[in-house]
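Structure, as structure tokens:
Read-outs throughout are calculated quantities, based only on the coordinates presented, and are distinct from any laboratory measurement. Please read all numbers here as calculations on a predicted model, not as lab measurements. As a convention, Cβ positions derive from the backbone with ideal geometry for all residues, glycine included, and neighbour counts pool all protein chains shown.
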Amino acid sequence: MDPSDDIMLTYWGFTHRKLGNPEKANTYYQKAIAQNPDNILARSYMGQGLVDAGDLPGAREQLREIRVRGGRSTWAEVSLRMAIGNGRTFSY
């Protein structure tokens, strides 16, 4: 798989977020979204990182984008909505 593929960039972002490197994670998420604005998984993971950082307005913006891009009721939408609601993010 191409390491610059938006899905690969998403998983690199997730990995760095879980390793405790939120700035690096956001760099990967932003690259993934720049490449594919409809990448709702990257938006969900970035939003969960924003929840972890206490940036609920930023997380809500990603939730809105997920919904606008057809992601309503997907795992990406539900997991971010739950994280915003209860402050607990997902490890998968």
Q) So is G70 touching a residue at least 12 places away in the same chain (Cβ under 8 Å) and either more than 13 Å from the chain's Cα centre (by Cα) or assigned to a helix (DSSP H, G or I) (or both) or not? A) yes
Q: Check off (1) free of Cβ contacts under 8 Å to residues at least 24 places away in the same chain; (2) closer than 23 Å to D5 by Cβ for S79 and give me the number that stays unchecked.
A: (1)
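To keep it simple, each residue is scored yes or no on (1) at positive phi; (2) out of contact with any Ser or Thr (no Cβ under 7 Å at 6 or more places or on another chain); (3) aliphatic (A, V, I, L, M); (4) touching a residue at least 24 places away in the same chain (Cβ under 8 Å).
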{"site": "L9", "(1), (2), (3), (4)": "no, yes, yes, yes"}
{"site": "T15", "(1), (2), (3), (4)": "no, yes, no, no"}
{"site": "A25", "(1), (2), (3), (4)": "no, yes, yes, yes"}
{"site": "L41", "(1), (2), (3), (4)": "no, no, yes, yes"}
{"site": "D52", "(1), (2), (3), (4)": "no, no, no, yes"}
{"site": "N86", "(1), (2), (3), (4)": "no, yes, no, no"}
{"site": "F90", "(1), (2), (3), (4)": "no, no, no, yes"}
Q | Matching residues, the range 23-58, being surrounded by fewer than 21 Cβ atoms within 10 Å (Cβ to Cβ) and in a helix (DSSP H, G or I) | A | E23, K24, N26, T27, Q30, K31, A34, Q35, D52, L56, P57, G58
